[in-house]
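**Q** Next up is a structure, given as structure tokens.
Please treat every number below as a calculation from the coordinates, not as lab data. Note that the coordinates shown come from a computational prediction; the quantities given were computed from them, not determined experimentally. Every residue, glycine as well, gets a Cβ built from its backbone with ideal geometry; the counts of neighbours run over all protein chains shown.
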């Protein structure tokens with residue numbers, strides 16, 4: 001449940017070739033600390049180019065975030081992607097909305113995000129492929145430090 005199919009350093013390592021190799025033709029994409037730093041308005045360097053590369057390869061993308069719509073919408077507009085905020089990951093509600101938008105079999109979907117307890121667990125529970133990305137920037141709050149420490153313990157078990 002906690003193990004991602006892939007663990008990569010950044011979103012740029014997710015190539016169309018890699019996705020096709022693992023049978024993926026659609027992506028459910030997280031925002032915070034996956035394609036932008038938490039609570040920042042700017043997307044990470046190269047994200048727009050990456051999204052265009054993926055879309056040009058015929059791979060669909062839907063943004064699914066646990067953040068509020070008002071925070072996710074500006075990013076979705078820049079990237080010209082459909083989105084759902086308040087996804088309540090790892091619960092199935094947001095994932096089910098995203099699947100309806102993608103219109104493909106669950107086996108052909110990958111969830112890409114930076115958190116084991118939301119993105120990876122949620123994706124695995126739905127039967128999707130899961131790709132864990134290292135967070136763009138480590139968070140400083142106590143809650144985040146505890147959460148990331150637990151995630152590191154889990155990841156060390158799989159190495």
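**Q** Apply the Kirkwood formula to segment 6-158: the hydrodynamic radius equals the inverse of the mean of 1/r over all pairs of different alpha-carbon atoms; give it in Å with one decimal.
**A** Result for segment 6-158, one decimal place: 15.3 Å.
**Q** Let me ask something else. Can you put 2, 143 in order of Cβ neighbours within 10 angstrom, beginning with the fewest?
**A** Ordered by Cβ neighbours within 10 Å, fewest first: 143, 2.
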